[in-house]
Amino acid sequence: MTSVSGYIVRLSHEREELLASSIYESFAEPVPEFQHSRNVPLICFVVSDNGILRWIARGRRGVRAGTDLRRLNLEDFYTLTENVHINALIERSAKRFKAKLSERFSSGGLLPPKTFQEFLRVLSEYAPQAGSTLAGFSEARSRRIRGLGVKVRESLAEQKEAVATAMNIAGIDRKELLNWDIDESEKPSSFLDGLSQVRQREDPMVISDSQVVPGFDAIRTTRFSSVIFENERRKLTVLITNRQPLEEQLGVDLIYYNGLL
């Protein structure tokens with residue numbers, strides 16, 4: 001997979017207000033013509049007219065928007081909840097990157113690869129709240145993904161598009177997809193493995209809790225909605241009582257019976 005690119009978007013006050021009040025999940029901004037492969041992920045940093053970094057979003061190079069202009073399509077917005085002034089970010093950057101960062105923050109445009117990585121480092125330190133989102137675009141993450149086989153990467157990409165489309169149809173915020181990452185020690189079997197968290201209803205959570213007990217090995221399940229666990233010293237039976245008369249009597253979803261071997 002090709003490395004990620006970064007783009008600084010400067011908005012006028014009017015365009016900033018329009019984006020802030022927009023009811024749509026995407027936003028398009030005409031920017032000076034630039035070259036960028038559609039196969040390379042593009043992360044955009046949207047800066048207000050008064051120099052405040054307000055949003056982080058995924059970007060796509062669109063159609064021509066006039067002479068020497070190109071449409072930049074923005075989606076999957078992450079809103080920073082604290083004021084991050086661009087001057088503070090420039091001040092914290094290494095000396096050799098200050099001039100290029102200052103130029104890009106002033107006029108907007110693509111960040112050179114090394115400048116982009118330096119910017120990610122500074123922003124992650126200055127705004128820890130955005131750290132998990134920014135980690136999804138780090139060089140380390142790119143290396144982890146490149147380490148996967150071609151067929152695995154293609155499969156994950158197709159699964160991601162399917163999940164994103166389903167979330168869009170259901171009206172679910174897709175921001176969580178920005179935090180997707182993989183563990184180097186374990187090959188992902190599904191795109192869902194890379195999500196940082198999952199929201200479940202009570203029933204699946206109870207079933208999930210009944211299947212794993214730290215320090216014990218699951219031996220077998222029974223027809224009485226229970227799971228038998230053992231370790232070197234003890235035998236543990238976990239009985240699922242969710243939505244059963246026992247839950248109505250005791251108010252619990254699981255009953256643990258602990259015995260010596």
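The values are calculated or read from the model by the stated rules, or taken from the named source; none is laboratory data. Treat the numbers as computed from the prediction; the structure is a model and nothing was measured. FYI the Cβ positions are ideal-geometry reconstructions off the backbone, even for glycines, and counts take in every protein chain you see. Surface accessibility is based on the protein's heavy atoms, side chains included, excluding ligands, DNA and RNA. Shrake-Rupley method; radii C 1.70, N 1.55, O 1.52, S 1.80 Å.
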| message | Can you list residue pairs whose Cβ atoms sit under 6 Å apart, with the first residue in segment 148-165 being without any contact (Cβ under 8 Å) to a residue 24 or more places away in the chain and closer than 15 Å to Lys187 by Cα and the second being open to solvent by 60 Å² or more (accessible area, probe 1.4 Å) and assigned to a helix (DSSP H, G or I)? Count only pairs 6 or more apart in sequence or on different chains. | response | none
| task | Please find, within segment 101-118, the residue that is nearest to Ser37 (Cα to Cα) out of those that are surrounded by 18 or more Cβ atoms within 10 Å (Cβ to Cβ) and of a type in the set (D, E, K, R). | result | Arg104
| request: Filter segment 225-243 for residues that are open to solvent by 90 Å² or more (accessible area, probe 1.4 Å) and either under 15 Å from Ile207 (Cβ atoms) or in a helix (DSSP H, G or I) (or both) and give the result. | output: Arg243
| Yes/no for Gly6 being touching a helix residue (DSSP H, G or I) at 6+ places or on another chain (Cβ under 6 Å) and either surrounded by fewer than 16 Cβ atoms within 10 Å (Cβ to Cβ) or on the phi < 0 side of the Ramachandran plot (or both) | yes
| message | Report every pair of residues separated by at least 6 positions or lying on different chains whose Cβ atoms are under 6 Å apart, first residue within segment 205-222 and more than 17 Å from Arg233 (Cα to Cα), second open to solvent by less than 100 Å² (accessible area, probe 1.4 Å) and of a type in the set (Asp, Glu). | response | Val206/Asp253
| task | Kindly establish whether Asp217 is open to solvent by 40 Å² or more (accessible area, probe 1.4 Å) and either modelled with pLDDT under 85 or touching a Leu at 6+ places or on another chain (Cβ under 7 Å) (or both). | result | no
| Members of segment 60-88 found to be within 28 Å of Glu158 (Cβ to Cβ), touching a Leu at 6+ places or on another chain (Cβ under 8 Å) and open to solvent by less than 10 Å² (accessible area, probe 1.4 Å), listed by number | Gly62
| remark: Reported set for segment 52-71 where residues are within 25 Å of the chain's Cα centre (by Cα) and of a type in the set (Gly, Ala, Ser) is Ala57, Gly59, Gly62
| What number of residues in segment 92-112 are assigned to a helix (DSSP H, G or I) and either under 21 Å from the mean Cα position of the chain (by Cα) or polar (S, T, N, Q) (or both)? | 3
| field | Residue tally, condition outside any loop (DSSP other than H, G, I, E, B), under 26 Å from the mean Cα position of the chain (by Cα) and polar (S, T, N, Q), over segment 200-218 | value | 1
| message | Just to check your reading of the model, which residue among Leu74, Leu134, Leu120, Leu80 is at pLDDT 90 or above and either within 25 Å of the chain's Cα centre (by Cα) or among the β-branched types (Val, Ile, Thr) (or both)? | response | Leu74
| Tally, over segment 158-178, of residues that are open to solvent by 50 Å² or more (accessible area, probe 1.4 Å), at pLDDT 70 or above and assigned to a helix (DSSP H, G or I) | 10
